[in-house]
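A.B. asks: Dropping a structure here in structure tokens format, bear with me for questions.
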Amino acid sequence: MSQFPAGAPKLPRHKDIGRLLLNCPDRRGVIAAVSTFLTKSGANIISLDQHSTAPEDGVFLQRTVFHLPGLAAAQPDLEREFQAVADEFDMDYRFTDASKPKRVAIMASTADHCLLDLLWRNRRGELDMTVVMVISNHADLAEQVRAFGVPFVHIPASRDIREQAEQRQLELLKGNVDLVVLARYMQIITPGFLEAIGCPLINIHHSFLPAFVGATPYRRAKERGVKLVGATAHYVTEDLDEGPIIEQDVVRVDHTHSVEELVRLGADVERAVLSRAVLWHCQDRILRHGNETVVF
């Protein structure tokens, strides 16, 4: 699985490199049918990853990366002609062009560590995406964001004006982005917003849920003598922090760590976990299966 590059050069634009992601009921001949179709279409398969959820009667998931000269012009016909294969195997599928980075919006509140880390990694070329805007319910981070050349939009939001705030957010986001990242955006996302947005959302939170909820989880964790501090990145669903998990990580701590040190270590883990989740999504490495994910 791809991690971050060691240096700072920009990721290369993958001209004529396509990706095919699919899932269907598992049965004999799926891989052969997909490979035959791509070969007859003039494509050369570069990599192929697959997983079946069970030896029999499982769900089959596959990610195929291929090279096809003139992909941009050929993709509409490729998708239309592949429908015959999809119908035969009852597939859900999508083609993507690796040369087109995802258009991403980031939503944040006052915590800056995840937001600025994503902007920094993107500027270094470690995240293959285009950040089209940052939306925040506070104005605190405006100058720091503008230093990256990214538009900053301040939309006040609270329980009392949530409907108006989400309507304004949707006016900016709907149809304009491929992904929304909640980089410690400390507001509830309503089911109506999720239904209307038309793209996935990725969230990050500390690993203490559901044991330590509320405004001071690290202090409460310290009082209980926790031995692990971690973070979880997941897709957002109506069930708040219970969506399909993409990535998790932890660091060990002990009685010598202060609350402030726990907060710092937690922020470090949150940055790393969120950036990996966003990277894998932008590389089309994640397939959802129910409330789980398969990350190739």
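The values are calculated or read from the model by the stated rules, or taken from the named source; none is laboratory data. Computed from a predicted structure; not experimentally measured. All Cβ positions, even for glycine, are placed from backbone atoms using ideal geometry, and neighbour counts span all protein chains on display. Quick note on the areas: whole protein, heavy atoms, side chains included, nothing else; ligands and nucleic acids left out. Shrake-Rupley method; radii C 1.70, N 1.55, O 1.52, S 1.80 Å.
A.B. asks: Report, to two decimal places, the Cα Rg of the chain normalised by 2.2 N^0.38 Å (N = number of residues). Don't jump to the answer; show the numbers that get you there.
C.D. replies: Values: Rg = 20.8 Å, N = 296, 2.2 N^0.38 = 19.1 Å.
Computed over Cα atoms of the chain, the ratio equals 1.09.
A.B. asks: Which of rounded, prolate or oblate describes the range 117-212 when judged by the alpha-carbon gyration tensor and an a/c cut-off of 1.5? Don't jump to the answer; show the numbers that get you there.
C.D. replies: On the way: a/c = 1.42, a/b = 1.22, b/c = 1.17.
Rounded is the answer for the range 117-212, as its axis ratio a/c remains below 1.5.
A.B. asks: At 30 Å minimum axial length over the Cα atoms and a Kyte-Doolittle cut of -1.0, report the qualifying DSSP H helices in the chain, or say none. Numbers along the way, then the final one.
C.D. replies: Numbers: long enough: 259-282 (34 Å, 0.47).
Sorted by number, the helices that extend far enough and score high enough are 259-282.
A.B. asks: Take the Cα pairs of the range 1-155, get the Kirkwood Rh, then feed it into Stokes-Einstein at 25 °C and 0.890 mPa s and tell me D in µm²/s. All intermediate terms of the calculation are to be shown ahead of the outcome.
C.D. replies: Details: Rh = 18.2 Å.
Value of D from the Cα-based Kirkwood radius: 135 µm²/s.
A.B. asks: Quote the charge dipole size of the chain about the Cα centre in Debye, to the nearest 20; the model charges only the Cβ of Lys and Arg (+1) and of Asp and Glu (-1). Spell out each step's value before the answer.
C.D. replies: Numbers: 33 positive and 39 negative charges, 188 e Å.
Around 900 debye, computed over the chain.
A.B. asks: Could I ask something else about it? If you project the alpha carbons of the range 81-127 onto their three principal axes, what span does each projection cover, largest first, in Å?
C.D. replies: The Cα atoms of the range 81-127 stretch 50, 23, 12 Å along the principal axes, largest first.
A.B. asks: Continuing with this model, one more query. Whenever you get a sec, compute what percent of the accessible area on the chain sits on carbon and sulfur atoms (1.4 Å probe). Intermediate values should be presented prior to the final figure.
C.D. replies: Working: 7340 of 14660 Å².
Carbon-and-sulfur percentage of accessible area, whole number: 50.
A.B. asks: Under a 10 Å cutoff between Cα atoms, tell me which one of Asp249, Asp160, Asp26 has the largest fluctuation in the Gaussian network model of the chain.
C.D. replies: Checking each option, the largest mean-square fluctuation is seen for Asp160.
A.B. asks: Could I ask something else about it? Calculate, for the range 65-213, the solvent-accessible area per residue in square angstrom, rolling a 1.4 angstrom probe over the heavy atoms of the protein chains.
C.D. replies: Values: 6880 Å² over 149 residues.
With the other protein chains kept in place, the range 65-213 gives 46 Å² per residue.
A.B. asks: On to the next question. How much accessible surface area, in Å² rounded to 10, belongs to the heavy atoms of Glu56 with a 1.4 Å probe?
C.D. replies: Estimated to the nearest 10 Å², Glu56 gives 150 Å².
A.B. asks: Using amide H atoms built 1.01 Å from N in the peptide plane, name the residues 5+ places from Val153, or on other chains, whose amide H lies under 5 Å from its own.
C.D. replies: Amide H neighbours of Val153, under 5 Å, 5+ apart: Val134, Ile135, Ser136.
A.B. asks: What residue among Val85, Val104, Val145 has the largest mean-square fluctuation in a Gaussian network model of the chain, using Cα springs under 10 Å?
C.D. replies: Fluctuation is largest for Val85.
A.B. asks: Treat every Asp and Glu Cβ in the range 251-296 as -1 and every Lys and Arg Cβ as +1, leave all other atoms uncharged, and give the resulting dipole magnitude about the Cα centre to the nearest 20 debye.
C.D. replies: On the way: 6 positive and 7 negative charges, 45 e Å.
Roughly 220 debye for the range 251-296.
A.B. asks: Projecting each Cα onto the charge dipole of the chain (Lys/Arg +1, Asp/Glu -1 at the beta carbon, about the Cα centre), which of Val295, Ile155, Pro200 comes out farthest on the positive side?
C.D. replies: Ile155
A.B. asks: Something else about it: State the extension gain, in nm to one decimal, for the chain segment bounded by Ala54 and Thr130, taking 0.36 nm per residue of separation less the distance between their alpha-carbons. Spell out each step's value before the answer.
C.D. replies: Values: separation 76, 0.36 × 76 = 27.36 nm, distance 3.74 nm.
Full extension from Ala54 to Thr130 adds 23.6 nm.
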